[in-house]
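Visitor: Handing you this structure, nothing more for now.
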Ligand SMILES: Nc1ncnc2c1ncn2[C@@H]1O[C@H](COP(=O)(O)OP(=O)(O)O)[C@@H](O)[C@H]1O
Ligand SMILES: [Mg+2]
């Protein structure tokens with residue numbers, strides 16, 4: 001549990017999706033059925049310590065969102081990759097985000113930058129395709145990604161890393177977006 005516990009994503013259709021976890025660039029929400037997750041990109045805090053203007057950082061984060069969506073579209077149209085990524089379920093129509101006390105914290109996010117994925121069960125770990133002990137199927141996955149234009153897999157994570165049949169990878173992009181710090 002962390003300070004984000006109790007956050008709720010409100011969708012335009014009126015449904016409420018509870019917070020489940022976070023990454024470096026996004027907060028992740030999961031529907032009540034445990035079928036879908038919503039990855040919502042975080043906005044740079046106002047008056048942060050960064051040297052770079054907030055507007056620049058925000059543009060970079062939106063770019064990051066776009067390259068991930070492009071990557072899911074590519075992966076979804078390749079039989080091998082599609083079997084090893086969660087199903088991409090489109091963009092979410094987010095109305096707002098509220099904290100546990102009901103306060104609107106939408107300004108902390110890029111509200112239009114939210115995509116929906118099939119929820120994967122279990123725990124994820126780093127893909128780590130260059131590790132000495134990286135399984136052959138992980139190396140094959142990465143080669144196929146690169147061949148199709150999904151060039152950024154450095155930050156990717158994987159569920160079921162040691163299972164050649166059922167492993168599934170998340171958090172990859174068509175290109176690397178460098179943050180200026
Ligand atoms: N499809 C999914 N199913 C289940 N959990 C997920 C899924 N996508 C993301 N998560 C969880 O959310 C965490 C953060 O997501 P991630 O895409 O890695 O965000 P970031 O780009 O901020 O690192 C993941 O490490 C994972 O635990
Ligand atoms: Mg991640």
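Visitor: Filter segment 7-22 down to residues that are free of Cβ contacts under 8 Å to residues at least 12 places away in the same chain and at negative phi and give me whichever is farthest from ligand 2 (Cβ to nearest atom).
Guide: Within segment 7-22, the match that is farthest from ligand 2 (Cβ to nearest atom) is 16.
Visitor: So, of the residues in segment 129-142 that are crowded, with 16+ Cβ neighbours inside 10 Å and assigned to a loop (DSSP other than H, G, I, E, B), which turns out to be nearest to ligand 1 (Cβ to nearest atom)?
Guide: If we take residues in segment 129-142 being crowded, with 16+ Cβ neighbours inside 10 Å and assigned to a loop (DSSP other than H, G, I, E, B), then 129 is nearest to ligand 1 (Cβ to nearest atom).
Visitor: Checking the conditions here, which among 75, 10 is within 30 Å of residue 167 (Cβ to Cβ), at pLDDT 95 or above and either more than 14 Å from ligand 1 (Cβ to nearest atom) or surrounded by 14 or more Cβ atoms within 10 Å (Cβ to Cβ) (or both)?
Guide: Values: 10 fails: within 30 Å of residue 167 (Cβ to Cβ).
Sole residue among the options that is within 30 Å of residue 167 (Cβ to Cβ), at pLDDT 95 or above and either more than 14 Å from ligand 1 (Cβ to nearest atom) or surrounded by 14 or more Cβ atoms within 10 Å (Cβ to Cβ) (or both): 75.
Visitor: Could you check segment 23-42 and list, in sequence order, the residues that are within 12 Å of ligand 2 (Cβ to nearest atom) and either modelled with pLDDT under 95 or not in a strand (DSSP E or B) (or both)?
Guide: Result: 23, 24, 25.
Visitor: Next question. Whether any residue in segment 120-127 is more than 13 Å from the chain's Cα centre (by Cα) and either surrounded by 13 or more Cβ atoms within 10 Å (Cβ to Cβ) or at pLDDT below 95 (or both) is what I want to check.
Guide: Filtering segment 120-127 down to residues more than 13 Å from the chain's Cα centre (by Cα) leaves 121-123, 125-127.
From what's left, either surrounded by 13 or more Cβ atoms within 10 Å (Cβ to Cβ) or at pLDDT below 95 (or both): 126-127.
Scanning segment 120-127, I find at least one residue that is more than 13 Å from the chain's Cα centre (by Cα) and either surrounded by 13 or more Cβ atoms within 10 Å (Cβ to Cβ) or at pLDDT below 95 (or both), so the answer is yes.
Visitor: Among the residues of segment 143-154, how many are in a helix (DSSP H, G or I) and within 16 Å of ligand 2 (Cβ to nearest atom)? Spell out the reasoning first.
Guide: Step one: list which residues in segment 143-154 are in a helix (DSSP H, G or I), which gives 143-148.
Of the ones still in play, those that are also within 16 Å of ligand 2 (Cβ to nearest atom) are 145.
Residues in segment 143-154 being in a helix (DSSP H, G or I) and within 16 Å of ligand 2 (Cβ to nearest atom): 1 in total.
Visitor: Further question: Return yes when residue 57 is in contact with a helix residue (DSSP H, G or I) (Cβ under 8 Å, 6 or more places away or on another chain), in a helix (DSSP H, G or I) and more than 16 Å from ligand 2 (Cβ to nearest atom) and no when it is not.
Guide: Numbers: in contact with a helix residue (DSSP H, G or I) (Cβ under 8 Å, 6 or more places away or on another chain): no; in a helix (DSSP H, G or I): yes; more than 16 Å from ligand 2 (Cβ to nearest atom): yes.
Here the answer is no, as residue 57 does not meet what is asked.
Visitor: Name the pairs: first residue in segment 144-157 and free of Cβ contacts under 8 Å to residues at least 12 places away in the same chain and farther than 8 Å from residue 127 by Cβ, second residue in a loop (DSSP other than H, G, I, E, B) and within 15 Å of ligand 2 (Cβ to nearest atom), Cβ to Cβ under 9 Å, at least 6 apart or on different chains?
Guide: Filtered contacts from segment 144-157: 146/153.
Visitor: On the given criteria, is residue 48 over 16 Å from residue 98 (Cβ atoms) and either outside any loop (DSSP other than H, G, I, E, B) or at pLDDT below 95 (or both)?
Guide: Details: over 16 Å from residue 98 (Cβ atoms): yes; either outside any loop (DSSP other than H, G, I, E, B) or at pLDDT below 95 (or both): yes.
Yes: the conditions hold for residue 48.
Visitor: Being surrounded by 15 or more Cβ atoms within 10 Å (Cβ to Cβ), within 14 Å of ligand 2 (Cβ to nearest atom) and either over 18 Å from the mean Cα position of the chain (by Cα) or part of a loop (DSSP other than H, G, I, E, B) (or both) is the filter here, so list the residues in segment 155-178 that pass it.
Guide: Listed by number, the residues that qualify are 155, 156, 171, 172, 177.
Visitor: Which residues, counting only those in segment 96-107, are buried (at least 16 other Cβ atoms within 10 Å of the Cβ) and in a strand (DSSP E or B)?
Guide: Those that are buried (at least 16 other Cβ atoms within 10 Å of the Cβ) and in a strand (DSSP E or B): 97, 98.
Visitor: Also, quick follow-up: I'm trying to understand the selection: among the residues of segment 23-39, which are under 17 Å from residue 113 (Cα atoms), more than 6 Å from ligand 1 (Cβ to nearest atom) and free of Cβ contacts under 8 Å to residues at least 24 places away in the same chain?
Guide: So in segment 23-39, the residues under 17 Å from residue 113 (Cα atoms) come out as 23-30, 36-39.
Next, only the ones that are more than 6 Å from ligand 1 (Cβ to nearest atom) stay: 27, 29-30, 36, 38.
Of everything in segment 23-39, just one residue is under 17 Å from residue 113 (Cα atoms), more than 6 Å from ligand 1 (Cβ to nearest atom) and free of Cβ contacts under 8 Å to residues at least 24 places away in the same chain, namely 29.
The values are calculated or read from the model by the stated rules, or taken from the named source; none is laboratory data. Everything quoted here is computed from the prediction, not taken from an experiment. Backbone-built Cβ (ideal geometry, glycine too); neighbour counts: all protein chains shown.
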